[in-house]
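Since the structure comes first, as structure tokens, the remarks are kept for the end.
Read-outs throughout are calculated quantities, based only on the coordinates presented, and are distinct from any laboratory measurement. Owing to the predicted nature of the structure, the values given are computational and were not obtained by experimental measurement. Here the Cβ positions follow ideal geometry from the backbone for every residue, glycine too, while neighbour counts run over all protein chains shown.
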Amino acid sequence: AQSVTQLGSHVSVSEGALVLLRCNYSSSVPPYLFWYVQYPNQGLQLLLKYTSAATLVKGINGFEAEFKKSETSFHLTKPSAHMSDAAEYFCAVSDQGAQKLVFGQGTRLTINP
Amino acid sequence: EAGVAQSPRYKIIEKRQSVAFWCNPISGHATLYWYQQILGQGPKLLIQFQNNGVVDDSQLPKDRFSAERLKGVDSTLKIQPAKLEDSAVYLCASSLTAGANVLTFGAGSRLTVL
């Protein structure tokens, strides 16, 4: 079975500071990994995905994530936080047959002015 | 391209009542998913359709939840009778193929059970 653990249900950073959202996965097969963002009262929007190509993945809005097999991690980063980044972020895993996504519990990102 | 449409956006019902949610996926998307998102948790897959057939309903509480996608296009998720713990946002998503790496989500239907 696959699972995802997001470390920290709530992360708060200052505007302009580095954003780091942590995600560790468990999978018995090579995984696909995803980060989704959810703004209030909206559905989930794909930020980026890892599908066994380059281990450093660049996404929308200046976010990127690095797949580290040895650490079973897929942490999300952004060099400089913007107020508009405030949202809930979900890490998800699927197998490479990609039949379904298993989500983590989410991390709420707050940006302080 | 139009997104995934869901209705109603909000619904409040008493426990033991029934409720139905509707989803219209992106045109041409063969795979449709229903997820349940309880407050403070990540989305959990309830059911996956490939065209009008069920691929995975292992986490669907079949004693009270049902879903159909009769013509392989839009879908309905029903809860009867509702319990307090069913309060959640019900998200519909679709993808062009069965590959989960291209899911597009709707805005969701928020259910409150009193």
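Which whole-Hz ³J(HN,Hα) couplings does region B:37-52 yield from phi under the Karplus relation 6.51 cos²θ - 1.76 cosθ + 1.60, θ = phi - 60°, glycine and proline marked x?
10, 7, 3, x, 10, x, x, 10, 5, 9, 7, 10, 10, 10, 6, 9
Which far-off residues, 5 or more places away or on another chain, put their amide H under 5 Å from the one on A:Ser12, with H placed in the peptide plane?
A:Thr110
Over the residues of chain A, compute the C-alpha Rg and express it relative to 2.2 N^0.38 Å.
Computed over Cα atoms of chain A, the ratio equals 1.01.
Shielding of A:103-110 by partners, i.e. mean partner chain Cβ atoms within 10 Å per residue?
2
Skipping prolines and chain starts, which residues have an amide H placed within reach, meaning under 5 Å, of the one on A:Ala87, given they are 5 or more residues away or on another chain?
Under 5 Å from the amide H of A:Ala87: A:Leu109.
Given R₀ = 30 Å, FRET efficiency for A:Leu20-A:Asp95 by Cβ-Cβ distance, to 0.05?
Result of the calculation: an efficiency of 0.65.
How crowded by other chains is B:105-111, given as the mean number of beta carbons from other chains within 10 Å of each beta carbon?
Going residue by residue through B:105-111 and averaging, the value is 3.
What chymotrypsin sites (Phe, Trp or Tyr not before Pro) in region B:28-66 are in a loop by DSSP, with at most 14 other Cβ atoms within 10 Å of the Cβ? Could you put the intermediate results ahead of the total?
On the way: sites: B:Tyr33, B:Trp34, B:Tyr35, B:Phe49, B:Phe65; in loops: none.
Answer by residue number: there is no such site.
Rg (Å, one decimal) plus Dmax (Å, integer) for the alpha carbons of region B:1-55?
In order Rg, Dmax, the Cα atoms of region B:1-55 give 13.2, 38 Å.
Residues in region A:72-113, backbone N under 14 Å from the label point at B:Ser58 (7 Å along the Cα-to-beta-carbon vector): list them, ranges by number please.
A:94-103
Give me the percent relative contact order of chain B, please, defined on Cα pairs under 8 angstrom at least 6 residues apart.
37 percent
Please identify which residues in region A:28-69 have an amide N closer than 13 Å to a label point set 7 Å out from the Cα of A:Thr77, following the Cα→Cβ vector.
A:56-58, A:63-68
Compute the length gained on full extension between B:Leu84 and B:Glu68: take 0.36 nm times their separation in residues and subtract their Cα-Cα distance, giving the result in nm to one decimal.
Gain in length upon complete extension: 3.4 nm.
Rg/Rh for region A:1-59 to two decimals, with Rh computed the Kirkwood way over all alpha-carbon pairs.
Over the Cα atoms of region A:1-59, Rg/Rh equals 0.98.
Please report Rg over Rh for the protein assembly as shown, where both radii come from the alpha carbon positions and Rh follows the Kirkwood definition.
0.97
Using each residue's phi in region A:79-89, evaluate 6.51 cos²θ - 1.76 cosθ + 1.60 at θ = phi - 60° and report the 3J(HN,Hα) Karplus result to the nearest Hz, with x for Gly and Pro.
Values per residue, Gly and Pro as x: x, 9, 6, 10, 4, 6, 7, 4, 4, 9, 10 Hz.
Using the Cα atoms as the points, what is the convex hull volume per residue of chain B in Å³?
92 Å³
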